[in-house]
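The block underneath contains the structure these notes are about, expressed in structure tokens.
None of the figures in this text is laboratory data; all of them are computed from the coordinates on show. Small disclaimer: the values here were computed from a predicted structure and weren't measured. Here the Cβ positions follow ideal geometry from the backbone for every residue, glycine too, while neighbour counts run over all protein chains shown.
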Amino acid sequence: MVEKGNKGRKEEVVTREYTINLHKRLHGWRVRVRIARKRNDEEDAKEELYSLVTVAEVPPEGFKGLGTKVVDEAD
């Protein structure tokens, strides 16, 4: 029998970067965002985790070849 690890999905707090392509009707813009899952420390909070979305820096080479990546919290 295979035993599952003790870690649940809620214990996996990670930060990822995504490239979002907006529709042509919105001028075809692209935006690079960083979405960080954070623990909610408020006592009366309904949810244990929340998402913090920030605009990420685009490398000088541009968007070509960028994909979703997991980011260290120190970055």
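The mean sequence separation of alpha-carbon pairs under 8 Å and at least six residues apart, normalised by the residue count of the range 12-63, gives a relative contact order of 31 percent. Of the residues 16, 25, the one with the fewest other Cβ atoms within 10 Å heads the list, and the complete ranking is 25, 16.
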